[in-house]
Every structure is written in C-alpha cells, then in structure tokens.
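Single-structure report; data block below.
FYI, it's all coordinate maths here, none of it is from the lab. Since the model is a prediction, treat every value here as computed from it, not as a measurement. Don't worry about glycine lacking a Cβ; one is built from the backbone with ideal geometry, like all the others, and counts go over all protein chains shown.
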Amino acid sequence: MHVGIRLTASAERYARHHALMEFIEAANPGPMAAVGDILSLTAGGSVHEFAVAQRRWIFDGETRRLELTIDHPAFGRR
C-alpha cells in the first residue's frame, strides 16, 4: 500500500528550501509508520529529520488510502 505524505507549513518551507520535495513525494514509509516516528531522509550528503504528526485514513467510495502528515523540526515531536 502506498502511503501519501502531507507536509505541515513549516515542513514544506524546510523541504522547499533544501530541495527535498521530489524526494519526499517519492518516499513511502508504509502503513506501519506511527505518530511520533522520526523519518530521516538523506539527500545531498545531509540528513533531514521530519516527524509523523498525524495519520489519516481517507475513504472515497470503494477506495481507501492512508495519509501521513509530517512536520519539521522533528525535535518538537520526540
């Protein structure tokens, strides 16, 4: 199952500043990711940490998907 990722405003600003949007959009942490988990993304020789802030199941007719909201900075979620 592919898991969609949504960014908080601060996470989106950080990701755009560090050219991480494409990398984040391709990431698939899977349905086991839980609120409070830290996602460490390595890009350009640096590690960028985001926190899973929310899980949301979206049901649309016969389809369902999981969406994770990730936040930055991650240290506020530990």
Taking Lys and Arg as +1 and Asp and Glu as -1, residues besides PRO29 with C-beta under 12 Å from its C-beta add up to -1
Residue by residue through the range 20-26, the couplings from Karplus 6.51 cos²θ - 1.76 cosθ + 1.60 with θ = phi - 60°, in Hz, x for Gly and Pro, are 9, 4, 5, 5, 5, 4, 7
Proxy exposure order for VAL47, VAL35 (fewest C-beta within 10 Å first) is VAL47, VAL35
So, relative contact order of the range 3-77 in percent, Cα under 8 Å, 6 or more apart, is 38 percent
Measuring from its Cα centre, the range 3-77 shows a charge dipole (+1 at each Lys and Arg Cβ, -1 at each Asp and Glu Cβ) which, in debye to the nearest 20, is 140 debye
Rounded to the nearest 500, the 222 nm mean residue ellipticity computed for the chain from DSSP H runs (n ≥ 4, each -39500 (n - 2.57)) alone is -5000 deg cm²/dmol
Rounded to two decimals, the Rg over Rh value of the range 3-77 from Cα coordinates and the Kirkwood Rh reads 0.98
